Amino acid sequence: MATLLHGLFYLTTFTNNLLGLAPILIASVFYLTHKKKTAIHLLDYACYKPPPSYRAPTSMLVEHLEHERQFDQESVDFQVKILEKSGVGEETSIPPTLACLPIDRSISFSIGEIQTVVFNVVETLLSKSNTNPRNIDILITNSTMFCPTPSLSALIVNKFKMRSNIMSFNLSGMGCSAGIVSIGLAKDLLKVHRNSLALIVSSEAMNLNWYTGKNRSMLLTNCLFRLGAAAILMSSRDQDKEKAKYSLQHLERTHKGQDDRSYSCIIQELDQDNKLGVSITKNTVAVAGEALKANMAVLGPRVLPLKEQLTYALSLIIQKTSIPKFRNAFEHFCIHPGGRAVISAIKKSLSMKEEDVEASRMTLHRFGNTSSSSIWYELSYIEAKGRMRKGDRVWQLAVGSGFKCNSAVWKCLCNVEGHDETNAWSDVIHSYPVDIPETINIP
């Protein structure tokens, strides 16, 4: 009996305590379910603008190829043919070390190239955003082919004397889509470490990656890739919302590396003569299309209007698949300019108009394929044209080795002024867009 009474007393006490805690429990549940999401903002960004002395017109490149003793005539003729149809214009740039004969492909020259490009673009961004380097909490660098020790992130920390407790990361081997991978990493870190600033630097070193063999799939990189870099400043600080340019709405990553054909379509390896190069196979465009479809399947429900979603779902049910009209979800597109064929294939897959890929084609023409930084040159083009208005939505789409297809969706928070002297397009935007012929004749 005593045990029963003791039990009833304990239960009564427990119940009273629980009832007393009820308001706290209810408030806690309400807080957790209605907790304000951490907004991720893009404060500003900058793209590297090479000096005129770095310019590499096609005639100079052809002369360079002909005098580079390691190329046979067949390899020279093949590269000339690719250049004629590439869509790459006369104003693209290469580092000075590649303009010298013979080419000295050394790590010291590559570090010098990175220092010139990266230091310049970071200084430009910090200056235009009025940011003290010591206020940076997170630093992320990405460079696919160049991974020295100390890392590129350490190089930047040393140059700009950043804090000792900075969270620094260096990504390598991630391909042309690495820029969005870095944005995704920054987003996750900024959500965990609230009230923080993140600096992302996307670059690529050309010096060590100039291929001098005979493998045609490896010679493509000589024809398409050019010098460039971008620096991006992101924030999760509440006080930065009023001065931010964009807010990050969605980020979706698709990895097809489990498929052997996708994994090996872009790969660094030795050729038959033991020369190192990056092979871009004929399967690349088809693989990119498959990865794009997988990425669209995830992104679509998040961004498409309900009508478009229902139409797409109905087409699947009746087994007559239609392509969702992403033009109804975005005002601007920044599609990775991996090459003329890549741009055209994505345009066809998404049923786009020529105006939707204007920024991509013009970026390929003016700056070439600058790897992971290319999508930022495209955004710069749209801004320089004065087309970016408050409320506009931008889709950045990048594909790269692995094989990966990554998307970032931004919403513009202000009317972006077209005239900006720090914009990489500032001195030539008046002459764009230009007509790009299917082929040019290189004498």
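The values are calculated or read from the model by the stated rules, or taken from the named source; none is laboratory data. Not measured: the values here are computed from a predicted model. We place every Cβ from the backbone using ideal geometry, glycine too, and count neighbours over all the protein chains shown. For the accessible areas, the whole protein counts, side chains as well, though only heavy atoms, and no ligand, DNA or RNA atoms are used. Shrake-Rupley method; radii C 1.70, N 1.55, O 1.52, S 1.80 Å.
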Item to check | Residue list for segment 333-351, filter: not in a loop (DSSP other than H, G, I, E, B) and not small (Gly, Ala, Ser) | outcome: PHE333, CYS334, ILE335, ARG340, VAL342, ILE343, ILE346, LYS347, LYS348
Checklist entry - Counting only residues that are assigned to a helix (DSSP H, G or I) and hydroxyl-bearing (Ser, Thr, Tyr), which one in segment 111-132 is farthest from the chain's Cα centre (by Cα)? => result SER127
Next on the checklist: Can you tell me which residue is surrounded by the fewest Cβ atoms within 10 Å (Cβ to Cβ) among those in segment 405-418 that are touching a Lys or Arg at 6+ places or on another chain (Cβ under 9 Å) and part of a loop (DSSP other than H, G, I, E, B)?
Outcome noted: ASN415
Item to check | Filter result (without any contact (Cβ under 8 Å) to a residue 60 or more places away in the chain and open to solvent by 20 Å² or more (accessible area, probe 1.4 Å)) within segment 194-211 | outcome: ASN195
Next on the checklist: Looking for something open to solvent by less than 10 Å² (accessible area, probe 1.4 Å), free of Cβ contacts under 8 Å to residues at least 40 places away in the same chain and either of a type outside the set (Ser, Thr, Tyr) or under 30 Å from VAL201 (Cα atoms) (or both) - is there at least one such residue anywhere in segment 300-311?
Outcome noted: yes
Next on the checklist: Just to be sure I understand, how many residues within segment 50-71 are outside any helix (DSSP H, G or I), surrounded by 16 or more Cβ atoms within 10 Å (Cβ to Cβ) and under 30 Å from the mean Cα position of the chain (by Cα)?
Outcome noted: 2
Checklist outcome for this item: Considering segment 388-404, residues that are of a type outside the set (S, T, N, Q) and more than 19 Å from ALA244 (Cβ to Cβ), and then whichever is surrounded by the most Cβ atoms within 10 Å (Cβ to Cβ), we arrive at VAL399
Item to check | Given (1) in a strand (DSSP E or B); (2) open to solvent by less than 10 Å² (accessible area, probe 1.4 Å), index of the condition LEU227 fails | outcome: (1)
Checklist outcome for this item: Scanning segment 178-220 for residues that are under 17 Å from SER151 (Cβ atoms) and polar (S, T, N, Q), the one farthest from the chain's Cα centre (by Cα) turns out to be SER203
Checklist outcome for this item: Expected single match for under 30 Å from ASP72 (Cα atoms) and in contact (Cβ under 8 Å) with a residue 24 or more places away in the chain among LYS214, LYS187, LYS191 is LYS214
Item to check | Residue, nearest to GLY87 (Cα to Cα), within segment 424-433, restricted to residues that are touching a helix residue (DSSP H, G or I) at 6+ places or on another chain (Cβ under 8 Å) and open to solvent by 40 Å² or more (accessible area, probe 1.4 Å) | outcome: PRO433
Checklist outcome for this item: Among residues of segment 230-250 being in contact (Cβ under 8 Å) with a residue 12 or more places away in the chain and open to solvent by 20 Å² or more (accessible area, probe 1.4 Å), the residue nearest to LYS191 (Cα to Cα) is ARG237
Next on the checklist: Condition (residue is open to solvent by 10 Å² or more (accessible area, probe 1.4 Å), acidic (Asp, Glu) and under 29 Å from LYS128 (Cα atoms)) applied to segment 371-381: is it met by at least one residue?
Outcome noted: no
Next on the checklist: Can you confirm whether SER315 is touching a residue at least 12 places away in the same chain (Cβ under 8 Å) and open to solvent by less than 20 Å² (accessible area, probe 1.4 Å)?
Outcome noted: no
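Counting only residues that are in a helix (DSSP H, G or I), of a type in the set (Val, Ile, Thr) and in contact (Cβ under 8 Å) with a residue 60 or more places away in the chain, how many does segment 75-110 have?
4
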Next on the checklist: Against the condition loosely packed, with under 14 Cβ neighbours inside 10 Å, under 26 Å from SER172 (Cα atoms) and not hydrophobic (A, V, I, L, M, F, W, C), how does GLU269 come out, does it pass?
Outcome noted: yes
Checklist entry - Restricting the search to segment 254-265, which residues are touching a helix residue (DSSP H, G or I) at 6+ places or on another chain (Cβ under 6 Å) and buried (at least 16 other Cβ atoms within 10 Å of the Cβ)? => result THR254, LYS256, SER262, CYS265
Item to check | Qualifying position, being open to solvent by less than 20 Å² (accessible area, probe 1.4 Å), in contact (Cβ under 8 Å) with a residue 60 or more places away in the chain, at positive phi and not aliphatic (A, V, I, L, M), among GLY277, GLY339 | outcome: GLY339
Item to check | Hits in segment 113-151 (condition: touching a helix residue (DSSP H, G or I) at 6+ places or on another chain (Cβ under 7 Å), open to solvent by less than 10 Å² (accessible area, probe 1.4 Å), under 20 Å from MET234 (Cβ atoms) and among the hydrophobic types (A, V, I, L, M, F, W, C)) | outcome: VAL118, VAL122, ILE138, LEU139, ILE140
Checklist entry - Out of segment 280-290, which residues are of a type outside the set (A, V, I, L, M) and either open to solvent by less than 40 Å² (accessible area, probe 1.4 Å) or part of a helix (DSSP H, G or I) (or both)? => result THR284, GLY289, GLU290
Checklist entry - Just one of the numbered conditions (1) open to solvent by 20 Å² or more (accessible area, probe 1.4 Å); (2) touching a residue at least 60 places away in the same chain (Cβ under 8 Å) is not true of GLU421; which one? => result (2)
Item to check | Output for segment 348-368, where each listed residue is under 19 Å from ALA408 (Cβ atoms) and either without any contact (Cβ under 8 Å) to a residue 12 or more places away in the chain or crowded, with 24+ Cβ neighbours inside 10 Å (or both) | outcome: ALA359, SER360, THR363
